[in-house]
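Have a look at the structure below, then the notes.
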């Protein structure tokens, strides 16, 4: 996956401002730890109030960071003034979301004029290891506003 | 979609107990308002701390209730002692998640020995209308414990 | 699912002409047996040269009719001169594709300006019964040419 | 993606025999050009009788090789006597399927006891270049027979 060029010279500021306006990311305690043209990394510390019935992080929370990372990977490539909407995503859950921090890494694999296809993988980091948790394949739409 | 029979006579209590142990559902303020063999309804009041950058409910929160409703629709059909895991889901976002309450309605469309396929639709209710927000198609796995 | 209005008064002729130009549909022996604004039905007789390793119709052939029905359900709604492309689809296989005829029934569930979301279900008909074979959820894009 | 070990010492023969019994692969002219534990490569020459309305290879044919490659990537890992069924797949179409040969490359990304998750990518080769055509994410189930 390579060689995307940002069309918005201020894409870092634009992405940051949008990310910081997402109240749900704040509620979940998510931080953006990586951003390049066409890719984005988010981290969410595990918390006891984000769990499903077996004490693992809930797939909804995992999806939230996978989708958001995918959205900002795509958003980093749009021209100034454009917006990004999630069209759809599909996610496979690979292992229980167990660990200290969940990490979502998204990469655009196809950047079209209107639609972008993004791969977003979630891993769980903890005790010196990193385990695959989920694999997402998502479609994003660029909207001129 | 019809005519599923619960194999666990105490499926209501089993589902409730599991749902109440999901801390993420509590964090999101989700209530279970419907449960029959093979179907489940969840409701999540809109809240300012669950939003994405445009002020609509975040797709991650929408996914959380769609996936959870799908899981309990499947869980209502398993024999006593079995567990349910989400294998994967795909979700199309149809309209902005705007309204007072988001409602997820899930129905099992195929109940196999090991796998169940579930449709889960999310709508937004408010001002006397109900708007489609998302359509999910999910696969659940029954695990004997 | 209801109440779509065709914007192309000649949508039947336009859809037919497009369908007849799909050589793969001819190769598979597929016929269009239903077409209304926002919906489409295709039928494919089972044939020994369309099978997978267990003698059932191959998921690729099943997908071909599910996707094509979804595409024409969407295509029936576009204005004159527009084209339809498949963006993506997800398909769950529910039962072996065994029977005399496979039937794909597609219905648009959301018709946007650029994107349409379509549900497409495949059943197997034979010996007086009809069995669910596959459930597809697809995204189509309308392109002005 | 790495380091899968085949549990069936005769996996090559077992996979080949199964592949050769798929009449649909013969109908489409597909050849298996790569097989290792956890991965599989299939090639399908473009043909005028496999096309959609714009003269590109039909998404159904592309899906057929993506799904089959995914299935045999998974099948290469099962113990002797087990079978593989496709549970579901999701496919994004990235570019028109235009070229002399379509190539599907599948890799298992998670191998569980019952379920396997497989990535399968299709490219179009021709005129000295190779273009991405489709990205699939699939779930396979291993069945003891």
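Observations
- Each of C:145, C:139, B:5 was scored by other Cβ atoms within 10 Å of its Cβ. Arranged with the fewest first, they read C:145, B:5, C:139.
- Evaluated on the protein assembly as shown, the Kirkwood hydrodynamic radius is 23.9 Å, with distances taken between all distinct Cα atoms.
- Global form of the range C:64-105, assessed from the alpha-carbon gyration tensor, a/c cut-off 1.5: prolate
- Label-to-label distance, nm, for residues given as residue A:82 and residue B:114 (7 Å Cα→Cβ offset): 4.3 nm
- Virtual paramagnetic centre 7 Å along Cα→Cβ of residue C:13, amide N under 17 Å, in the range C:68-84: C:76-82
- Cα centroid separation - the range C:1-63 against the range C:72-145, whole Å: 9 Å
- Taking D:67, D:121 and counting other C-beta atoms within 10 Å, the order from fewest to most: D:121, D:67
- Taking other Cβ atoms within 10 Å as a rough exposure proxy, B:33, C:63 sort from fewest to most as B:33, C:63.
- With a Förster radius of 25 Å applied to the C-beta separation of residue A:36 and residue B:49, the computed FRET efficiency comes to 0.30.
- Helix axis angle, C:59-75 relative to chain C longest principal axis, alpha carbon, degrees: 20 degrees
- Helical mean residue ellipticity (222 nm; -39500 (n - 2.57) per DSSP H run of 4+; nearest 500) of chain D: -7000 deg cm²/dmol
- Per residue of peptide D:133-143, the mean number of Cβ atoms on other chains within 10 Å of the residue Cβ is 4.
- In degrees, nearest ten, helix B:11-20 long axis to first principal axis of chain B (Cα): 40 degrees
- Column: log10 I(q)/I(0), Debye, Cα scatterers of the range A:11-144, q = 0.09, 0.12, 0.15, 0.20 Å⁻¹: -0.24, -0.42, -0.65, -1.09
No value in this document is a laboratory result; all are computed from the given coordinates. All values derive from a computational prediction rather than experimental measurement. Every residue, glycine as well, gets a Cβ built from its backbone with ideal geometry; the counts of neighbours run over all protein chains shown.
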